[in-house]
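Below is one structure; the comments refer to it alone.
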């Protein structure tokens with residue numbers, strides 16, 4: 001699907017952004033070291049208010065923010081970070097601090113981390129958990145938080161897809177020790193690149209905020225400079241004022257159109273949204289189960305091409321733990337981290353097929369569509385064509 005024509009309709013950049021830009025230019029400072037009274041400071045405070053977080057810290061991008069989260073979690077050489085296996089970004093973040101990613105299986109109907117699998121995967125080496133609120137749907141975050149507290153694990157929420165998503169009325173990113181929100185171009189709130197970290201502990205936030213704000217004294221923690229500049233914050237502050245409108249009146253509408261198109265189809269199983277969850281439209285996803293009714297998956301894929309529906313089939317060719325990058329332990333060129341001598345003294349975690357049976361079954365069955373640059377008229381056309389394909393398949 002070509003997103004270009006629809007991007008202009010869905011992304012609104014104009015007078016509000018220019019007003020904040022002008023404030024930055026008038027002040028003559030593109031980066032304010034302590035963020036006092038600048039746009040970054042205001043963006044942080046407004047985002048904390050929006051999510052209900054105690055503190056929010058603006059960051060340069062989501063991957064950097066995830067890496068920083070691992071860095072302040074206590075994870076490192078010889079320890080493990082538990083993460084979900086649909087997307088691999090949490091695992092990569094663990095590698096940045098030479099911690100071993102251990103993959104936790106997912107629920108077969110939400111595609112989010114399974115709390116039962118999480119508890120079964122915890123070892124004495126575990127230090128942190130990274131849970132992804134995948135494609136705008138919250139994971140069972142209260143159960144996951146309970147497990148983390150029980151085992152004294154640092155909980156990181158990956159909310160890259162989840163601006164506007166809530167669990168039991170509370171915004172995601174506020175349940176764990178730290179939450180990460182990405183503002184990359186393909187996210188609900190976009191600054192081109194950028195991120196926000198939500199933190200509930202003042203001491204932790206002060207350490208993170210001041211590590212690059214010292215004047216000759218020793219830094220408080222070991223990390224890199226992830227801070228955001230004033231121009232990016234100007235866009236973020238303006239986009240934050242609009243994000244509820246675009247999520248509720250565009251992304252949630254297009255998501256519903258596609259979900260309605262498969263309603264009643266016995267062989268395309270819709271993603272289950274728990275009653276406790278408020279999903280924020282990001283990706284449409286359902287699961288192919290036609291093989292259980294003697295249907296041909298390849299025929300459905302060909303109908304997608306013939307009718308120009310624009311669906312995507314499967315998600316990655318394999319689970320991340322089957323990537324050569326993880327299997328060969330090449331992160332630092334010396335078989336680290338899972339073959340590190342400090343880790344081998346304790347145990348050895350081998351990346352192989354079979355670690356997460358549910359994700360291995362679900363991933364090739366996923367039928368998805370990215371909603372970020374999908375207009376409502378185009379979503380209606382997509383839904384109509386999808387309904388046509390379902391009718392053709394049902395006729396045999």
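Some observations on this one:
- Residue check, residue 130 within 27 Å of residue 370 (Cα to Cα), surrounded by 24 or more Cβ atoms within 10 Å (Cβ to Cβ) and touching a helix residue (DSSP H, G or I) at 6+ places or on another chain (Cβ under 7 Å): yes
- Subset tally (residues that are touching a residue at least 60 places away in the same chain (Cβ under 8 Å), surrounded by fewer than 18 Cβ atoms within 10 Å (Cβ to Cβ) and in a helix (DSSP H, G or I)) for segment 365-377: 1
- Only one entry in 231, 222 is modelled with pLDDT of 90 or more and either assigned by TED's automatic domain parsing to the domain that holds residue 282 or outside any strand (DSSP E or B) (or both), namely 231.
- Count of segment 275-284 residues which are out of contact with any helix residue (DSSP H, G or I) (no Cβ under 6 Å at 6 or more places or on another chain) and surrounded by 17 or more Cβ atoms within 10 Å (Cβ to Cβ): 2
- Residue in segment 133-141 that is surrounded by fewer than 24 Cβ atoms within 10 Å (Cβ to Cβ), modelled with pLDDT of 95 or more and more than 16 Å from residue 180 (Cα to Cα) present: yes
- Restricting 240, 204 to those that are out of contact with any strand residue (DSSP E or B) (no Cβ under 7 Å at 6 or more places or on another chain), at pLDDT below 95 and closer than 23 Å to residue 160 by Cβ reduces the list to 204.
- Residue 270 being surrounded by 13 or more Cβ atoms within 10 Å (Cβ to Cβ) and farther than 27 Å from residue 389 by Cα: no
- Leading residue by the ranking (nearest to residue 113 (Cα to Cα)) among those in segment 263-290 that are over 25 Å from the mean Cα position of the chain (by Cα) and at pLDDT 95 or above: 289
- Filter pass, residue 301 being farther than 30 Å from residue 339 by Cα, touching a strand residue (DSSP E or B) at 6+ places or on another chain (Cβ under 8 Å), surrounded by fewer than 18 Cβ atoms within 10 Å (Cβ to Cβ) and free of Cβ contacts under 8 Å to residues at least 40 places away in the same chain: yes
- Reported count of residues in segment 95-138, each being in contact (Cβ under 8 Å) with a residue 40 or more places away in the chain and either more than 30 Å from residue 244 (Cβ to Cβ) or outside any loop (DSSP other than H, G, I, E, B) (or both), is 27.
The values are calculated or read from the model by the stated rules, or taken from the named source; none is laboratory data. Here the structure is a predicted model, which is why all the values come from computation and not from measurement. Using ideal geometry, Cβ is built from the backbone for each residue, glycine included, and neighbour counts are taken over all protein chains shown.
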